[in-house]
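K.L.:
I'd like to ask you about the structure that follows.
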Amino acid sequence: MEYEELTAEEPSASVNAAERLKAAREAKGMTIDQVAAKTRITLRHLELIEAGQFTSLPGRTYAVGFAKNFAETVGENPEEIVEAVRAEFPSMREAMAIDRSADFEPGDPGKIPSTGLTWLSIVAVALLGVGAYTFYTSFYGSGASPGSLIDDAAASIAEATTGDEAGADGATAAAPASGPVVFTAQDDEVWVRFYDGSGNVFLEKIMTNGETWTVPADAVDPQIRTSRPDALAITIGGQAIPKLDDEPLVVSDIGISAEALLARVEEQSAEEAAETAETTAEIS
């Protein structure tokens, strides 16, 4: 498919998407309140979409998802609308490059240490090490030497690992193998979609802080898609288990039955234990 380059006289992609959605809604004879009721998207967000203010929405994922649902509801082409909305947002790579360039500018003499200062720091560290060694040997006598820093570090990691593993095992043991699975939003505007293995949607909405949802007991292969796994607390039979992720990112097709969630926790615990053991071995 070929696209013509926009000129100064042509409307932007966001205006095209916004006008198309608004025109399609009016042509269908629907009010914006009716669209909100059918899509479960808040009226304020729908108004921002029709105004072409996609960057004012909570994020790129929300903007694309809301616009797609809007398009499907009013009979507009969702793929073309999604493509137009995505054009409003920089790619993740570009966004990261912008952030890094704002924090550090190559060649800025105010942020780069001088060569003389660097060498002076190296000499100071070396002298400090020699002085510490001399003091130790003279104070404790001939043949004495400091304990191994490597051994101390390995012992500390092993001790911390033992405590972490005990805590993880305790949390896993405390969580029952069955019982109602409850998700609780811990932030405002947490978009979620709960569905089963056949694609049937139980719930798709923006949960607010403190709002809960319980997985149906008769659900077959229940799953979740969300962009805020870090803002969803999970309990099984009233016992808390770790969240799906600690970062705000899009996760999809993750099983949320009690068995699937506990298996996920056990797998993560095993991976963390293996990584810690490998780190301890390298230090030793």
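K.L.:
Starting from segment 204-222, keep only residues that are among the basic types (Lys, Arg), then list their pairs with residues that are assigned to a loop (DSSP other than H, G, I, E, B) whose Cβ atoms are within a distance under 6 Å, requiring at least 6 positions of separation or different chains.
P.N.:
205/40
K.L.:
Would it be correct to say that residue 76 is within 23 Å of residue 188 (Cα to Cα), of a type in the set (Asp, Glu) and in contact with a helix residue (DSSP H, G or I) (Cβ under 6 Å, 6 or more places away or on another chain)? Let's see the steps before the verdict.
P.N.:
Values: within 23 Å of residue 188 (Cα to Cα): no; of a type in the set (Asp, Glu): yes; in contact with a helix residue (DSSP H, G or I) (Cβ under 6 Å, 6 or more places away or on another chain): yes.
No; evaluated as a whole, the condition is false for this residue.
K.L.:
Just to check your reading of the model, which residue among 272, 282 is free of Cβ contacts under 8 Å to residues at least 12 places away in the same chain and either outside any strand (DSSP E or B) or not basic (Lys, Arg) (or both)? Write out each step before concluding.
P.N.:
Numbers: 272 fails: free of Cβ contacts under 8 Å to residues at least 12 places away in the same chain.
Unique residue meeting the criteria: 282.
K.L.:
Let me spell it out: the conditions are (1) in contact with a strand residue (DSSP E or B) (Cβ under 8 Å, 6 or more places away or on another chain); (2) surrounded by fewer than 14 Cβ atoms within 10 Å (Cβ to Cβ); (3) over 22 Å from residue 66 (Cβ atoms), and residue 267 meets all of them except one. Which number is the exception?
P.N.:
(1)
K.L.:
Across segment 31-49, what is the number of residues that are in contact (Cβ under 8 Å) with a residue 12 or more places away in the chain, crowded, with 17+ Cβ neighbours inside 10 Å and of a type outside the set (Val, Ile, Thr)?
P.N.:
Qualifying residue count, segment 31-49: 2.
K.L.:
Could you tell me whether residue 38 is modelled with pLDDT under 95, closer than 22 Å to residue 202 by Cβ and among the basic types (Lys, Arg)? Don't jump to the end; show me each part of the working.
P.N.:
Details: modelled with pLDDT under 95: yes; closer than 22 Å to residue 202 by Cβ: yes; among the basic types (Lys, Arg): yes.
It is true that residue 38 is modelled with pLDDT under 95, closer than 22 Å to residue 202 by Cβ and among the basic types (Lys, Arg).
K.L.:
Would you please name the residue that is farthest from the chain's Cα centre (by Cα), looking only at residues in segment 232-284 that are polar (S, T, N, Q) and more than 21 Å from residue 202 (Cβ to Cβ)? Full working, then the answer.
P.N.:
Narrowing segment 232-284 to residues polar (S, T, N, Q): 235, 239, 252, 257, 268-269, 276, 279-280, 284.
Now restrict to residues that are more than 21 Å from residue 202 (Cβ to Cβ): 239, 268-269, 276, 279-280, 284.
On the way: 239: 23, 268: 17, 269: 19, 276: 23, 279: 26, 280: 28, 284: 34 Å.
Selected residue: 284.
The values are calculated or read from the model by the stated rules, or taken from the named source; none is laboratory data. Treat the numbers as computed from the prediction; the structure is a model and nothing was measured. Every residue, glycine as well, gets a Cβ built from its backbone with ideal geometry; the counts of neighbours run over all protein chains shown.
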